[in-house]
Amino acid sequence: GAGVSQSPRYKVAKRGQDVALRCDPISGHVSLFWYQQALGQGPEFLTYFQNEAQLDKSGLPSDRFFAERPEGSVSTLKIQRTQQEDSAVYLCASSAPTRQGHEQYFGPGTRLTVT
Amino acid sequence: AQSVTQLGSHVSVSEGALVLLRCNYSSSVPPYLFWYVQYPNQGLQLLLKYTSAATLVKGINGFEAEFKKSETSFHLTKPSAHMSDAAEYFCAVSAFGGGGNKLTFGTGTQLKVEL
């Protein structure tokens, strides 16, 4: 079946531009997570949705970062006035509760390069 | 709060040799622990997970890990390395299994397999 998809896969933005990154979770998955992975580092949590509700945004690094999931399915991560330090791979993951524990399924990521 | 430490950012083994990737965790509550693998330009794939059932966990591709509470460790092993195992491996911890709770990742271990 279809996994988590993300678009675009690669994005180059000039410093100061706004970008929007899209995540299509696995159908029926109520939980959706965004992570940021800097070069040579492990992914770091940004934000979490349960259906359309954003329950945790403690990892968003600044108010330039904004995420939404208006219909409880597709999510968009928006970065305003991009800076060079925003260059990273942005990973989306979705999950559904199971008796054995909640496994997160990851998409391929969007590699953002800010020049 | 949870954290993970992966000892050794790069590990090199010969094909057919034992693979041992180290992970130590810190958690204020009983942890759920995960190992993920990441191939170049791809998302994270779950290898195995510990969810407070059996302490020895078997995963995909011949990998296994043992949860040792006394040592706060969750090391990943494979008896015989294969060339296709070359990838980056991440250990991660969460408080409640990862469905409604974020994953905290280590910085990763790059595994190289040599002929």
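The values are calculated or read from the model by the stated rules, or taken from the named source; none is laboratory data. Values in this document were obtained by computation on a predicted structure and should not be read as measured data. With ideal geometry, Cβ positions are generated from the backbone for all residues, glycine too; neighbour counts draw on all protein chains shown.
Some notes on this structure:
- Failed item in (1) more than 8 Å from chain B (Cβ to nearest Cβ); (2) in a strand (DSSP E or B); (3) crowded, with 21+ Cβ neighbours inside 10 Å, with A:TYR48 passing the rest: (1)
- Matching entry among B:PHE90, B:PHE74 (being in a strand (DSSP E or B), in contact (Cβ under 8 Å) with a residue 12 or more places away in the chain and more than 20 Å from A:PHE33 (Cβ to Cβ)): B:PHE74
- Residues that are modelled with pLDDT under 95 and outside any loop (DSSP other than H, G, I, E, B), drawn from region A:1-31: A:SER31
- Test: residue in region A:30-43 that is without any contact (Cβ under 8 Å) to a residue 40 or more places away in the chain and crowded, with 19+ Cβ neighbours inside 10 Å: yes
- So A:LEU91, is it buried (at least 17 other Cβ atoms within 10 Å of the Cβ), in a strand (DSSP E or B) and away from chain B (no Cβ under 14 Å): no
- Condition met for B:GLN6 (surrounded by 13 or more Cβ atoms within 10 Å (Cβ to Cβ), of a type outside the set (Ser, Thr, Tyr) and part of a loop (DSSP other than H, G, I, E, B)): no
- Selection within region B:93-108: residues that are more than 8 Å from chain A (Cβ to nearest Cβ) and part of a strand (DSSP E or B). The member of this set that is modelled with the highest pLDDT is B:VAL93.
- The requirement of being of a type outside the set (Ser, Thr, Tyr) and more than 12 Å from every other protein chain (Cβ to nearest Cβ) is fulfilled somewhere in region B:45-57, by at least one residue.
- The one condition in (1) more than 10 Å from chain A (Cβ to nearest Cβ); (2) more than 15 Å from the chain's Cα centre (by Cα); (3) closer than 19 Å to A:GLN41 by Cβ that B:LEU111 fails to fulfil: (2)
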